[in-house]
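The values are calculated or read from the model by the stated rules, or taken from the named source; none is laboratory data. Predicted model only: the values in this text are computed from it and were never measured. Virtual Cβ from ideal backbone geometry, glycine too; neighbours counted across all protein chains shown. Please note that ligands, DNA and RNA were not included when accessible areas were found on the heavy atoms of the full protein model with its side chains. Shrake-Rupley method; radii C 1.70, N 1.55, O 1.52, S 1.80 Å.
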Amino acid sequence: MENCLFCKIIAGEIPSTKVYEDDEILAFKDINPMAPVHVLIIPKNHIDGADMLNAENSAVVSKIFTVAAQLAGELKLENGFRIVTNVGEDGGQTVRHLHFHLLGGKKLNTALA
Ligand code: 5GP
Ligand code: ZN
């Protein structure tokens, strides 16, 4: 997808600190971390956001959660963590490529909205 920041990261056109990669998924450190551990997990196939998931493209979400659980173990988040996906303008989505924030390493603020 042209002009998509995360597609450019997947293509290697913009550098990132990768923490996991396979054929379908990339995980990399957020450039502006909100917690000691702040990783973004994204599908390599461009999907705009969680509002654009359907029966044809949603299997990767299950795989992303599996990767998140694996990374949480590797990153020593045994005391807990949070997975967040923002959707659209009201949801605070600033990059319109589906991504899941994996946050942890401290007691996270419980405010959801
Ligand atoms: P959103 O606000 O869309 O839920 O999350 C987008 C996230 O992407 C933000 O947490 C932001 O810090 C992160 N981000 C924006 N640009 C870059 C970048 O160039 N590299 C990395 N690693 N993260 C980025
Ligand atoms: Zn994209």
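Would you check if ILE14 is within 11 Å of ligand 2 (Cβ to nearest atom) and either farther than 27 Å from THR110 by Cα or aromatic (Phe, Trp, Tyr) (or both)?
Considered against the rule, which asks whether it is within 11 Å of ligand 2 (Cβ to nearest atom) and either farther than 27 Å from THR110 by Cα or aromatic (Phe, Trp, Tyr) (or both), ILE14 comes out as no.
Which one of the conditions (1) in contact with a helix residue (DSSP H, G or I) (Cβ under 9 Å, 6 or more places away or on another chain); (2) closer than 25 Å to GLU2 by Cα does ASN57 fail to meet, given that it meets all the rest?
So ASN57 meets the others, but not (1).
Which of the residues belonging to the stretch 25-49 are open to solvent by 80 Å² or more (accessible area, probe 1.4 Å) and either part of a strand (DSSP E or B) or more than 25 Å from LEU108 (Cβ to Cβ) (or both)?
Answer for the stretch 25-49, where residues must be open to solvent by 80 Å² or more (accessible area, probe 1.4 Å) and either part of a strand (DSSP E or B) or more than 25 Å from LEU108 (Cβ to Cβ) (or both): LYS29, ASN45.
Quick one: in the stretch 65-113, of everything that is more than 13 Å from the chain's Cα centre (by Cα) and within 9 Å of ligand 1 (Cβ to nearest atom), which residue is surrounded by the fewest Cβ atoms within 10 Å (Cβ to Cβ)?
Within the stretch 65-113, the match that is surrounded by the fewest Cβ atoms within 10 Å (Cβ to Cβ) is GLY92.
Within the stretch 50-64, take every residue that is open to solvent by 40 Å² or more (accessible area, probe 1.4 Å) and not in a loop (DSSP other than H, G, I, E, B) and give me the one that is farthest from ASP23 (Cα to Cα).
Going through the qualifying residues, I end up with ASP51.
What number of residues within the stretch 77-110 satisfy the criterion of being part of a loop (DSSP other than H, G, I, E, B) and more than 16 Å from ligand 2 (Cβ to nearest atom)?
Adding up the residues that qualify gives 11.
Regarding ALA113, is this residue of a type outside the set (S, T, N, Q) and outside any helix (DSSP H, G or I)?
Yes.
Of the conditions (1) surrounded by 17 or more Cβ atoms within 10 Å (Cβ to Cβ); (2) farther than 14 Å from PHE100 by Cα, ALA11 fails just one. Which one is it?
Single failed check for ALA11: (1).
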